[in-house]
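Structure first, then comments.
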Amino acid sequence: MNKTLLAEFTAREGAEDEVARLILEYAKKVREEEGNLSFDVYTKASHPRAYWIFEVYRDEDAFQAHLNAPYGGPFNTALAPLIEEDASVLTFLDPVA
(Lines give C-alpha, C1' and ligand atoms only; values in the text may rest on other atoms or scores of the structure.)
Protein backbone atom coordinates (compact mmCIF):
# COMPACT_ATOMS: atom_id res chain seq x y z
CA MET A 1 0.00 0.00 0.00
CA ASN A 2 1.24 3.51 -0.80
CA LYS A 3 2.60 5.68 2.02
CA THR A 4 1.05 9.14 1.72
CA LEU A 5 1.65 12.20 3.84
CA LEU A 6 1.34 15.94 4.04
CA ALA A 7 4.29 17.90 5.45
CA GLU A 8 3.59 21.44 6.60
CA PHE A 9 5.79 24.30 7.74
CA THR A 10 5.86 28.09 7.67
CA ALA A 11 8.83 30.07 6.41
CA ARG A 12 9.97 32.79 8.78
CA GLU A 13 9.44 36.32 7.55
CA GLY A 14 12.47 37.29 5.50
CA ALA A 15 13.48 33.66 4.82
CA GLU A 16 10.97 33.04 2.04
CA ASP A 17 13.49 33.02 -0.84
CA GLU A 18 15.93 30.71 0.94
CA VAL A 19 13.16 28.30 1.95
CA ALA A 20 11.86 28.20 -1.62
CA ARG A 21 15.37 27.52 -2.94
CA LEU A 22 15.99 24.75 -0.40
CA ILE A 23 12.67 22.97 -0.88
CA LEU A 24 12.86 23.08 -4.68
CA GLU A 25 16.41 21.70 -4.62
CA TYR A 26 15.33 18.97 -2.20
CA ALA A 27 12.23 18.16 -4.27
CA LYS A 28 14.39 17.41 -7.32
CA LYS A 29 16.37 14.84 -5.34
CA VAL A 30 13.31 13.23 -3.73
CA ARG A 31 11.53 12.90 -7.08
CA GLU A 32 14.49 10.85 -8.33
CA GLU A 33 14.10 8.28 -5.54
CA GLU A 34 13.03 4.93 -6.94
CA GLY A 35 10.09 4.60 -4.54
CA ASN A 36 8.82 8.17 -4.74
CA LEU A 37 5.55 8.53 -6.66
CA SER A 38 4.88 12.19 -5.91
CA PHE A 39 6.51 15.12 -4.14
CA ASP A 40 4.43 18.22 -4.83
CA VAL A 41 5.30 21.53 -3.19
CA TYR A 42 2.57 24.10 -2.55
CA THR A 43 2.16 27.35 -0.70
CA LYS A 44 -1.17 28.38 0.75
CA ALA A 45 -2.75 31.00 -1.57
CA SER A 46 -3.87 33.17 1.35
CA HIS A 47 -0.58 32.77 3.26
CA PRO A 48 2.37 32.28 0.87
CA ARG A 49 4.88 31.57 3.66
CA ALA A 50 2.86 28.44 4.59
CA TYR A 51 4.18 25.39 2.74
CA TRP A 52 2.29 22.15 2.15
CA ILE A 53 4.23 19.26 0.62
CA PHE A 54 2.15 16.32 -0.59
CA GLU A 55 4.27 13.15 -0.68
CA VAL A 56 3.48 9.66 -1.93
CA TYR A 57 5.84 6.68 -1.71
CA ARG A 58 5.36 3.24 -3.22
CA ASP A 59 5.20 1.58 0.21
CA GLU A 60 6.65 1.70 3.72
CA ASP A 61 10.04 0.43 2.52
CA ALA A 62 10.25 3.25 -0.03
CA PHE A 63 9.34 5.76 2.68
CA GLN A 64 12.04 4.38 4.98
CA ALA A 65 14.57 4.62 2.15
CA HIS A 66 13.51 8.26 1.73
CA LEU A 67 14.06 8.91 5.44
CA ASN A 68 17.53 7.38 5.22
CA ALA A 69 18.62 9.26 2.10
CA PRO A 70 21.93 11.09 2.70
CA TYR A 71 20.55 14.49 1.68
CA GLY A 72 17.58 14.46 4.08
CA GLY A 73 19.51 15.31 7.24
CA PRO A 74 21.39 18.26 5.73
CA PHE A 75 18.13 19.58 4.23
CA ASN A 76 16.33 19.45 7.59
CA THR A 77 19.30 21.04 9.37
CA ALA A 78 19.36 23.91 6.86
CA LEU A 79 15.56 24.33 6.98
CA ALA A 80 15.10 24.30 10.77
CA PRO A 81 16.26 27.86 11.53
CA LEU A 82 14.28 29.22 8.57
CA ILE A 83 10.83 28.00 9.66
CA GLU A 84 8.51 28.94 12.50
CA GLU A 85 7.91 25.37 13.68
CA ASP A 86 10.54 23.19 15.37
CA ALA A 87 10.31 20.85 12.37
CA SER A 88 7.91 20.00 9.57
CA VAL A 89 4.53 18.87 10.87
CA LEU A 90 3.72 15.50 9.30
CA THR A 91 0.21 14.18 8.75
CA PHE A 92 -0.03 10.62 7.44
CA LEU A 93 -3.00 9.96 5.18
CA ASP A 94 -5.01 6.84 4.43
CA PRO A 95 -7.29 6.46 1.40
CA VAL A 96 -11.01 6.24 1.94
CA ALA A 97 -12.12 2.86 0.69
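Brief remarks on what is shown
- Those lysines that a straight Cα-Cα span of less than 21 Å connects to residue 44, excepting residues fewer than 8 apart in one chain: 28
- If the convex hull is drawn through the Cα atoms of the range 1-56, its volume per residue in Å³: 65
- To put it simply, the accessible area of the chain at a 1.4 Å probe is 54 percent carbon and sulfur.
- Scattering curve values for the chain, log₁₀ I(q)/I(0), Debye with Cα scatterers, q = 0.18, 0.22 Å⁻¹: -0.83, -1.19
- The range 29-97: GluC sites (Glu not before Pro) in DSSP loop, at most 12 other beta carbons within 10 Å: 32, 34, 84, 85
- Cα→Cβ-extended label distance, 7 Å offset, between residue 29 and residue 93, nm: 2.4
- Rounded to the nearest 20 debye, dipole of the chain from Cβ charges on Lys, Arg, Asp, Glu: 180
- Extension gain for the segment residue 77 to residue 40, taken as residue separation times 0.36 nm less the Cα-Cα distance, is 11.2 nm to one decimal.
- Farthest positive-ward along the range 4-87 dipole, Cα basis, beta-carbon charges - from 53, 66, 5: 53
- Local electrostatic count, residue 10, Cβ distance below 12 Å [Lys/Arg +1, Asp/Glu -1]: -3
- Using a Gaussian network model of the chain in which every pair of alpha carbons under 10 angstrom is joined by a spring, one finds that among 36, 76, 68 the greatest mean-square fluctuation is at 68.
- The chain, relative contact order in percent, only Cα pairs under 8 angstrom and at least six apart counted: 44
- Solvent-accessible area per residue, Å², over the chain with all protein chains present [probe radius 1.4 Å]: 62
The values are calculated or read from the model by the stated rules, or taken from the named source; none is laboratory data. Owing to the predicted nature of the structure, the values given are computational and were not obtained by experimental measurement. Counting neighbours? That spans all protein chains shown, and the Cβs are built from the backbone with ideal geometry, glycine included. The accessibility values were calculated without ligands, DNA or RNA, using every heavy atom of the protein model including side chains. Shrake-Rupley method; radii C 1.70, N 1.55, O 1.52, S 1.80 Å.
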